[in-house]
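The values are calculated or read from the model by the stated rules, or taken from the named source; none is laboratory data. For clarity, every value in this text was computed on a predicted model and none was experimentally measured. Here the Cβ positions follow ideal geometry from the backbone for every residue, glycine too, while neighbour counts run over all protein chains shown. Ligands, DNA and RNA are excluded from the accessible area calculation, which covers all protein heavy atoms including side chains. Shrake-Rupley method; radii C 1.70, N 1.55, O 1.52, S 1.80 Å.
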Amino acid sequence: CGTLLILDPDESGLRLFRSFDWNDGLFDVTWSENNEHVLITCSGDGSLQLWDTAKAAGPLQVYKEHTQEVYSVDWSQTRGEQLVVSGSWDQTVKLWDPTVGKSLCTFRGHESIIYSTIWSPHIPGCFASASGDQTLRIWDVKAAGVRIVIPAHQAEILSCDWCKYSENLLVTGAVDCSLRGWDLRNVRQPVFELLGHTYAIRRVKFSPFHASVLASCSYDFTVRFWNFSKPDFLLETVEHHTEFTCGLDFSLQSPTQVADCSWDETIKIYDPACLTIPA
């Protein structure tokens with residue numbers, strides 16, 4: 001079974017605020033952009049769950065349409081719309097309005113597992129997906145179809161993210177151990193490639209505070225910080241886990257704070273040295 005932990009950082013570390021149990025593994029979580037208490041998780045039984053952290057019981061609602069594991073879920077950052085996308089092992093992406101009990105649309109085209117779905121922080125109704133079919137795809141909700149297909153790697157792509165400072169820039173992380181940057185105005189070649197990980201890259205995130213800084217975590221047990229605008233692009237390697245690192249995110253409140261998690265069953269919140277000095 002899976003457990004959703006709501007943790008509250010305080011001076012002594014992390015305090016458990018609330019926990020919720022689900023009958024299958026939980027693979028991803030996304031916060032509502034409009035309500036600080038509401039979030040959605042996705043799980044191995046093909047469902048999404050809507051939770052309210054202000055209430056001890058839950059979930060408030062379950063959305064069950066995917067036919068296989070749901071590996072990714074993301075809530076739109078455009079405040080005028082309440083939209084969620086989910087990506088599944090059933091090779092589909094589904095669009096949801098959490099106030100509606102069924103999906104609004106299903107996007108087909110990927111030919112393998114979808115590992116990552118992420119909304120554009122710039123363009124309303126636009127999202128990206130990354131798949132085991134080795135492609136990064138850009139979708140338009142209004143067109144109900146794919147806008148751009150990028151054969152981004154010659155390996156499964158496990159993660160993608162959209163730059164917070166450029167509507168045209170995305171990054172992909174893959175089983176080939178590489179990170180690649182893509183400019184949507186010209187996708188024939190990556191605009192940067194970052195090498196250094198020695199096993200598959202599980203998650204990649206752009207910094208919300210530094211335009212050219214990003215972080216990645218890998219099955220090589222490390223978290224790495226990069227500045228793709230510098231010749232020496234690797235800023236720092238953090239090795240504080242004893243198993244695969246599988247989750248990673250930047251704080252939206254602190255320019256220097258990062259959280260990660262690992263198969264060693266630990267969550268770490270820390271300030272890497274490279275972020276405490278000017279990048």
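Taking the condition among the hydrophobic types (A, V, I, L, M, F, W, C) and within 21 Å of the chain's Cα centre (by Cα), does Leu48 pass? So Leu48 passes the test.
Residues of the range 164-188 that are under 14 Å from Ser216 (Cα atoms) and either of a type in the set (A, V, I, L, M, F, W, C) or open to solvent by 30 Å² or more (accessible area, probe 1.4 Å) (or both): Leu170, Val171, Ala174, Val175, Asp176, Cys177, Leu179, Arg180. Considering only residues in the range 123-138 that are touching a residue at least 40 places away in the same chain (Cβ under 8 Å) and within 18 Å of Gln82 (Cβ to Cβ), the one that is surrounded by the most Cβ atoms within 10 Å (Cβ to Cβ) turns out to be Phe127. Within the range 1-28, the set of residues being closer than 27 Å to Asp271 by Cβ, among the acidic types (Asp, Glu) and not in a strand (DSSP E or B) comprises just one member, Glu11. When Val204, Val191 are checked against the criterion of being at pLDDT 95 or above and open to solvent by less than 30 Å² (accessible area, probe 1.4 Å), a single residue qualifies: Val204. Filtering the range 11-38 to residues that are of a type in the set (Asp, Glu), over 14 Å from Val70 (Cα atoms) and either touching a Ser or Thr at 6+ places or on another chain (Cβ under 7 Å) or open to solvent by less than 70 Å² (accessible area, probe 1.4 Å) (or both) leaves Asp21, Glu33. Of the residues making up the range 225-257, those that are touching an Asp or Glu at 6+ places or on another chain (Cβ under 7 Å) and either among the charged types (D, E, K, R) or open to solvent by less than 30 Å² (accessible area, probe 1.4 Å) (or both) are Phe225, His241, Glu243, Thr245, Gly247, Leu248. Among the conditions (1) among the hydrophobic types (A, V, I, L, M, F, W, C); (2) within 22 Å of Ser72 (Cβ to Cβ); (3) in contact (Cβ under 8 Å) with a residue 40 or more places away in the chain; (4) open to solvent by 60 Å² or more (accessible area, probe 1.4 Å), Phe221 misses just one, which is (2).
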